[in-house]
Amino acid sequence: MDKNEILDEMIIDSKHHPMEDLFRMDRMPHIWCSGCGLGAVVTAFMEGVKKAGKDYDKVVVVSGIGCTGRVAGYVNLDSFHTTHGRAIPFATGLKLANRDLTVGVISGDGDLFAIGGNHFIHAARRNVDIVVVCVNNFIYGMTGGQTAPTTPLEAKSSTAPYGNYEQPFNLVGIAAAAGASYVARWTAMHVRRLSDSVAVAAQRKGFSFIEVVSPCPTVFARKNKKGSGLELLQEFGERSRIDHEADPTKIPLDMKNEIVCGEFVNDDRPTFWENVQKGIRKNVQIEVDLESKLYDRS
Amino acid sequence: MFKPSKLHGEFFMQGDIACAEGALAAGCRFLGGYPITPATEVAERMAYRLPILDGVFIQFEDEIASIAGVLGASWAGVKALTSTSGPGISLMNENIGLGMMMETPCVIVNVQRAGPSTGLPTTFAQSDIMQARFGSHGDYGVIALAPKSPQEMFDLTITAFNYSEKYRMPVFVLADAVVGHMTEKVIIPPVEELEIFERVYTTKKPGDYKPYELDGKNVPDFAKAGDGYRFHTTGLTHDERGYPIMTEETQWKCVPRLMEKISKHVDDIVLLEERDTEDADVIVIAYGITSRTVLPAIAMAREKGIKVGLLRPITIWPFPEKRITELAKKVQGFVVPEINMGQYVLEVDRVAGKYVPVKSIPHPGGGFHKFDDIVKAIEEVAHG
Ligand code: SF4
């Protein structure tokens, strides 16, 4: 191949996104703002799916509502854009009805932890075999910057013009306390570690939770004078420290302190379906015998 | 050898249990639910039966999750049921809209109790007629069936599944606490003798398939998750690819069809029972348990020489407009007793009111109409 041929090849290649088989290219450009962390997070998520070696036809993505809720519309997988807060129970139904599927939920902090908070803790408690990725931008982006259950104390939002006065949730702490069998936190800076984490979560069984701290330049950064998306991303990078041994209940996020990242929980415990099967093996024969006495007329 | 999926014979069975058995006979293998009086027995029966049939029972954290899980299960290709009562439907309504918009087959059983709010949890009413029709926001067509007996709890749950698969939508069984808790003879035919409508899956190849392409029909063919179609679906206004396109034009294509797939098939969906309507001067329109409790009153009125007939809409929605118009043109009037403050009568009056008087007999719930009140209303209509 001479130089020109190589150049030609490169030109042709540049027309193709390296992951275009995994995204709906007919839906590009996406609606996210420039400088938003979502593009990087979704790409890392799909890298993780790739690394997990899953048959793409058997991977399903479910989203709720909000900026992150739009992820389902861009991934080239069976994908469901559901209602606000309800992605997790929808995904639970999908997974239990077809256990061959790998089911991922990607949604935002408001979606998963305000309106959907109850579903989150119960899915974690049941240890349903799904992967939940929460893109935490500390605010409601789609609706224009209102306070979320993750908004740090004193941070400004359009519904907290004098600074947020509500104690925020520590998402990894909730996940661990509710019984998730895998819990990790990364920032949008940690794309490789994030994709590794997604791969681990997709391969393991049980309820996996990954929080991704992600910059929202349009509302969070602007309302809080954090500069551009890139500057906020850099800030997250600088403030982050990886500590897999950290106690997830003790590492809340705020406006200035360390963002402790890592894989905090990776425990095997029986999943919902395994427990169901155990119960059936133990008890069903007895029940069937009983019922056959009641009903069998043959 | 005992084959639980082939349960058949004659049973003395509670309505809620018959409903669960009807669902199983229809091929339902998923129940997502939350305890609520007077519907709990449906879920309890499913919790007992589904594991034996390799099905999935899950008690969710609330009714919102229950219906969301049911929709998810349906997209995995499994027939799914949820059972609840009025307060549960109130919580489900948002995702019932999602089910309508994504065109997701499933069945929702509402064993009605008296409201509003917590109301009379352990007694009965028929007060969710309009809630079933208009509960979720926006416009969409609705199918709702009203059983009058445990036998019909079985039969109509199967019909509800058939309609839900045929028209790709959530379908309501609008029972009530009396029918749900009553125990009567239920005949369960052998499963081979049941008419079961199975979901129509696309025969197209991935790449050629668009989830909401109609190909000249009113209902698009289905593809389930995991079959390689890599489809997208959304609660947003969408085009035939399932992609969100938020324009007035797409709204025109997307929403009216959700009503047309019902309005164009009313004759296929409407089920009616009629007694003595051919020569009737007065017709009592009553559904569900009320269609049984009015019978003595009708007999009393007939003894007084009034020709009274009974029209029982088994299909509550879509409204049996055609038949009621026909009857309105030849009778002297209608009497509509229902255990609510006058809901279905609004539709009867809309259709028949321009021809003849339509008399509502309301009841707030927790009891039945008094025979005398019904006889009096019949007399009033008969004697103008
Ligand atoms: S509003 Fe914020 S989170 Fe939403 S797309 Fe824009 S930058 Fe991203």
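Looking only at residues of the stretch A:111-153 that are out of contact with any strand residue (DSSP E or B) (no Cβ under 9 Å at 6 or more places or on another chain) and over 21 Å from residue A:91 (Cβ atoms), we find that the one that is least open to solvent (accessible area, probe 1.4 Å) is A:152.
Within the stretch A:86-94, is even one residue hydrophobic (A, V, I, L, M, F, W, C), more than 16 Å from the ligand (Cβ to nearest atom) and not in a helix (DSSP H, G or I)? The answer is no; no qualifying residue exists. Among the candidates B:336, B:348, B:358, the residue that is in contact with a Gly (Cβ under 7 Å, 6 or more places away or on another chain) and closer than 30 Å to residue B:267 by Cβ is uniquely B:358. Of all residues in the stretch B:64-86, those that are open to solvent by 10 Å² or more (accessible area, probe 1.4 Å) have Cβ atoms under 8 Å from Cβ atoms of residues that are of a type in the set (D, E, K, R) and not in a loop (DSSP other than H, G, I, E, B), 6 or more apart or on another chain, in B:64/B:94; B:79/B:165.
Residue A:69 falls short on exactly one of the conditions (1) open to solvent by 10 Å² or more (accessible area, probe 1.4 Å); (2) more than 9 Å from every other protein chain (Cβ to nearest Cβ); (3) within 19 Å of residue B:101 (Cβ to Cβ); (4) not polar (S, T, N, Q), and that condition is (1). Checked against the criterion of being assigned by TED's automatic domain parsing to the domain that holds residue A:160, among the small types (Gly, Ala, Ser) and within 16 Å of the ligand (Cβ to nearest atom), the candidates A:188, A:180, A:176 yield just one match: A:188.
Within the set of pairs 6+ apart or on separate chains, which have a first residue in the stretch A:93-115 that is free of Cβ contacts under 8 Å to residues at least 24 places away in the same chain, a second that is open to solvent by 10 Å² or more (accessible area, probe 1.4 Å) and of a type in the set (A, V, I, L, M), and C-beta atoms under 6 Å apart? Taking only residues 6 or more apart or on different chains, the pairs are A:97/B:78. If you filter the stretch A:229-254 down to residues that are in a loop (DSSP other than H, G, I, E, B) and either at pLDDT below 95 or charged (D, E, K, R) (or both), you find that the one that is nearest to residue A:194 (Cα to Cα) is A:243. Return yes or no: is residue A:202 away from the ligand (no atom under 16 Å from the Cβ), within 14 Å of another protein chain (Cβ to nearest Cβ) and open to solvent by 10 Å² or more (accessible area, probe 1.4 Å)? So residue A:202 does not fit the description; no. Of all residues in the stretch A:95-109, exactly one satisfies the criterion of being within 11 Å of chain B (Cβ to nearest Cβ), open to solvent by less than 10 Å² (accessible area, probe 1.4 Å) and part of a helix (DSSP H, G or I), namely A:96. Only one of the numbered conditions (1) assigned to a loop (DSSP other than H, G, I, E, B); (2) more than 30 Å from residue B:193 (Cβ to Cβ); (3) open to solvent by 10 Å² or more (accessible area, probe 1.4 Å); (4) away from every other protein chain (no Cβ under 12 Å) is not met by residue B:125, and that is (3). For the stretch B:39-63, the set of residues classified as open to solvent by 10 Å² or more (accessible area, probe 1.4 Å) and in a loop (DSSP other than H, G, I, E, B) consists of B:54, B:61, B:62, listed by residue number. Just one of the numbered conditions (1) of a type in the set (Val, Ile, Thr); (2) away from the ligand (no atom under 16 Å from the Cβ); (3) over 18 Å from residue A:64 (Cβ atoms) is not true of residue A:159: (2). From the list A:202, A:188, A:176, the one residue that fits, being among the small types (Gly, Ala, Ser) and over 17 Å from residue A:45 (Cβ atoms), is A:176. The requirement of being away from every other protein chain (no Cβ under 13 Å), at negative phi and open to solvent by 10 Å² or more (accessible area, probe 1.4 Å) is satisfied by residue A:176.
The values are calculated or read from the model by the stated rules, or taken from the named source; none is laboratory data. Keep in mind it's a predicted model, so treat the numbers as computed, not measured. We place every Cβ from the backbone using ideal geometry, glycine too, and count neighbours over all the protein chains shown. The accessibility values were calculated without ligands, DNA or RNA, using every heavy atom of the protein model including side chains. Shrake-Rupley method; radii C 1.70, N 1.55, O 1.52, S 1.80 Å.
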